[in-house]
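Take a look at the structure below.
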Amino acid sequence: MTFKATCCCKQLSITVSSHPEINSVCHCNNCKQRTGSAFGISMYFKTGAIINKTGETKVYKFFHKEQSHEQCRYFCPQCGTTLYWTISTMPDLLGIAGGCFSASDILEPTHTLNNANKCSWVNFPSKWHVQE
Ligand SMILES: [Zn+2]
Ligand SMILES: [Zn+2]
């Protein structure tokens with residue numbers, strides 16, 4: 001099975017051939033700002049599972065203070081969607097923005113991260129693992 005994620009304008013896409021190794025929602029300010037939403041959905045795939053990439057990207061590189069790592073975010077220069085990213089502390093994994101997968105393909109997350117910063121009106125299924 002394959003899963004394809006695209007940006008808003010569809011010029012940028014990435015296709016993977018496996019389920020994510022890590023599938024989580026994150027409540028840190030950086031994820032909120034990146035998505036413009038109450039939380040980010042971060043799916044991490046083995047880099048070997050990437051079977052196709054299309055389109056042109058720009059890169060935003062920064063040091064993530066809250067999590068003490070360097071991140072490179074690849075976004076669409078036309079529509080601005082951040083589609084995928086790398087994290088210096090997890091070199092074998094690629095993060096893909098979960099909301100960019102087509103609705104029928106999206107897999108239910110299993111973890112919720114940085115919960116101290118969670119909006120009080122957001123609630124998740126009790127079977128999800130809560131990681132502070
Ligand atoms: Zn785009
Ligand atoms: Zn985050």
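Since every read-out is calculated from the coordinates, none of them should be taken as a lab result. Here the structure is a predicted model, which means the values were calculated and not measured. Please note: Cβ atoms are built from the backbone with ideal geometry, for glycine as well, and neighbour counts cover all protein chains shown.
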(request) Consider just the alpha-carbon atoms of region 1-82 and return their Rg together with their Dmax, both in angstrom. (result) 13.2, 36
(request) Could you work out the relative contact order of the chain, using alpha carbon pairs under 8 angstrom and six or more residues apart, expressed as a whole percent? (result) 28 percent
(message) Give me, ordered by chain and number, the residues 5 or more places off Cys7 or on other chains with an amide H under 5 Å from its own placed amide H.
(response) Leu12
(message) To make sure I understand, if each residue's beta carbon is the centre and we count other beta carbons within 10 Å, what order do Trp85, Trp121 fall in, fewest to most?
(response) Trp121, Trp85
(request) Quick one: among Leu12, Leu107, Leu93, which has the greatest mean-square fluctuation in a GNM of the chain with alpha-carbon springs under 10 angstrom? (result) Leu107
(message) Give me the mean projected area, in nm² to one decimal, of the convex hull enclosing the Cα positions of region 39-132.
(response) 7.4 nm²
(request) Treat every Asp and Glu Cβ in region 3-131 as -1 and every Lys and Arg Cβ as +1, leave all other atoms uncharged, and give the resulting dipole magnitude about the Cα centre to the nearest 20 debye. (result) 240 debye
(message) Counting only pairs 8 or more residues apart or on different chains, how many lysine pairs in region 3-131 have their Cα atoms under 27 Å apart?
(response) 26
(request) For Ile51, list long-range residues whose amide hydrogen, built 1.01 Å from N in the peptide plane, is under 5 Å from its own amide hydrogen. (result) Thr15, Val16, Ser17
(request) Would you calculate a helix-derived [θ] at 222 nm for the chain, using -39,500 (n - 2.57) for each DSSP H run of n ≥ 4 and dividing by the full residue count, to the nearest 500? (result) -1500 deg cm²/dmol
(message) Among His64, Asn115, Gln131, whose Cα projects farthest towards the positive end of the dipole of region 3-131, with charges put on the beta-carbon of Lys, Arg (+1) and Asp, Glu (-1)?
(response) His64
(request) Using the Karplus curve 6.51 cos²θ - 1.76 cosθ + 1.60 with θ = phi - 60°, work out ³J(HN,Hα) for each residue of region 111-118 in order, rounded to whole Hz, and write x for Gly and Pro. (result) 10, 10, 10, 6, 5, 4, 9, 6
(request) Using +1 at the Cβ of each Lys and Arg and -1 at the Cβ of each Asp and Glu in the chain, identify which of Ala5, Met90, Val16 lies farthest towards the dipole's positive end. (result) Ala5
